[in-house]
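The values are calculated or read from the model by the stated rules, or taken from the named source; none is laboratory data. The structure displayed is predicted, hence computed values, not measured ones. For the accessible areas, the whole protein counts, side chains as well, though only heavy atoms, and no ligand, DNA or RNA atoms are used. Shrake-Rupley method; radii C 1.70, N 1.55, O 1.52, S 1.80 Å.
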Amino acid sequence: MAELRALHEVYPDFRKAGAQLFAISVEKPERIKEMVQKHGLSFPCLSDEGGQTARNYNILWELSPALQAQYREGLKFDLSQVSANSGWHLPVPATFIIDRNGVIRSALVDQDFTKRMEPSDILDTLKTI
């Protein structure tokens, strides 16, 4: 949520640069809608039902049975209940800056979910497109 809130803050600057911004999640559409309303996000947040978009970008991975057990037993969290793909899959956190021709101009894909592309870096890239 911290990343989405940070992007919300600079969204007007993205629009001024002529860019579109949207977030994609494997969560169920109703959960995404609740999150958008709760946090007042001003840009579209979409559900990647079935995880096909994440698969197309080669960023979807399946949690091992041991990790699934840790989620269920240790965290008391059943990912399959919130995921739109009804499975134990998660996307690797990723940011893609894609130009109007569909060319990826910049990307950050990192399994460490704490590493995200800074909004200022996104804006700097947008200025070069």
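Details
- Computed over protein heavy atoms with a 1.4 Å probe, the carbon and sulfur contribution to the accessible area of the chain reaches 50%.
- Rolling a 1.4 angstrom probe over the protein heavy atoms with all chains in place gives the chain an accessible area of 65 Å² per residue.
- Estimated translational diffusion coefficient (Stokes-Einstein, Kirkwood radius over Cα pairs, 10 °C, 1.306 mPa s) of the stretch 16-93: 116 µm² per second.
- Radius of gyration and Dmax over the Cα atoms of the stretch 58-123, both given in Å: 15.3, 46
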